[in-house]
Amino acid sequence: MSNLTAEETFVRLDNVTLEYQHEGQAVRAVEDVSLTVRRGEFVVVAGPSGCGKTTLLKVLAGLVVPGNGSASVGNVQVRGPQKNVGMAFQNPILLPWRKVMDNVLLPLEVVAPHKGRFRRHRSEYVAQARELLASVGLEGFDDRHPWQISGGQQQRASLCRALIHNPEILLLDEPFGALDAFTREELWQVLQALWMQRRFTVLLVTHDLREAVFLADTVYVMSTRPGRIVSRTAVDVPRPRTLEDTFSAQFTETYHEIRRQIGEVLGR
């Protein structure tokens, strides 16, 4: 469901179908899903609960293998866990015994090629982490434990951890879903600023359609389970986007079109 050429495509799902086993029964999570993403594009996948959105992220991260079809990143087929991927989830999952700085540095201790040089170049990595923390408003918080900072600050630290090893693609599974509305909107702006500065490729799963339109270049809508792609909408609201833009005619028109598409999926 895209007009991208092979040269323009960075992420590709081709006819992906995947089933889980649940209590001895096969449950088809996604069926015949195809989509393409260009390098540096910000893509949102929306749809009803249980439609397989998170499954697609797991396929791209190499955490699960589709029964049929294939996934590729950078023209390389995904066959196992990917080193060039950063991930963040609804729950920040920060290790409570590690301070913010040590949580952010964690991927560098386990992801090649950084893990081989981490000890010898720790000061260099710490400087990079401090710069990243400052860019999301956490300057001076690197010496605190997760339980000493707010939920919104924990999610900022989680974003930094996902980006510290300079991944080519960032996979986000409802990272702001558990936050209050004001904090959520603030983090939309933080994420947009990071993306505009670094231009990594993003796939974001969300139920929040305002969030989708605020952040995305392209929004894909999925059907109920088994999830299939049923529509693709380009978001043409100029960047950088502000919260005031969410009241503009262009923004609200796009929002209502995507909401209509999901309404059709749900039979409303």
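Observations on the structure shown:
- Projecting the Cα atoms of Gln148, Leu138, Leu105 onto the charge dipole of the stretch 95-167, computed from C-beta unit charges around the Cα centre, puts Leu105 farthest toward the positive end.
- Environment charge at Phe251 (Cβ cut-off 9 Å; Lys +1, Arg +1, Asp -1, Glu -1): 0
- Rounded to the nearest 20 debye, dipole of the chain from Cβ charges on Lys, Arg, Asp, Glu: 800 debye
- Taking amide hydrogens as placed 1.01 Å from N in the peptide plane, the amide H of Phe10 sits under 5 Å from those of Val37, Arg38, Arg39, each at least 5 positions away in sequence or on another chain.
- Cα→Cβ-extended label distance, 7 Å offset, between Arg119 and Val65, nm: 3.4 nm
- Å³ per residue enclosed by the Cα convex hull of the chain: 145 Å³
- Amide H contacts of Met87 (H built 1.01 Å from N, under 5 Å, at least 5 apart or other chain): Leu171
- Listed residues Val44, Val111, Val235, most fluctuating in the chain (Gaussian network, C-alpha, under 10 Å): Val111
- Converting phi to 3J(HN,Hα) with the Karplus coefficients 6.51, -1.76 and 1.60 and the offset θ = phi - 60°, the stretch 17-31 yields 10, 9, 10, 10, 9, 9, 6, x, 10, 7, 10, 7, 7, 9, 9 Hz in sequence order, with x at every glycine or proline.
- Counting only lysines at least 8 places from Lys83 when in the same chain, those with an alpha carbon closer than 20 Å to its own are Lys58, Lys115.
- Packing-based ranking of 8-18, 192-202, 115-125 yields 8-18, 192-202, 115-125, ordered from highest to lowest mean Cβ neighbour count within 10 Å.
- Cα-based radius of gyration for the stretch 101-152, normalised by 2.2 N^0.38 Å, reads 1.19.
- For Gly227, residues with placed amide H under 5 Å, excluding near neighbours: Val30, Glu31
- By the count of other C-beta atoms within 10 Å, a proxy for reagent exposure, Ser135, Ser223, Ser150, Ser248 are ordered fewest to most as Ser150, Ser248, Ser135, Ser223.
- Descending semi-axes in whole angstrom, ellipsoid equivalent of the stretch 195-268, from the Cα gyration tensor: 22, 16, 9
- Counted charge near Gly47, where neighbours are those whose Cβ lies closer than 11 Å (Asp, Glu -1; Lys, Arg +1): +3
Read-outs: derived from the displayed coordinates by stated rules, not from any lab. Because the structure is a prediction, the values reported are computed rather than measured. Here Cβ is always computed from backbone atoms with ideal geometry, including for glycine, and neighbour counts include all displayed protein chains.
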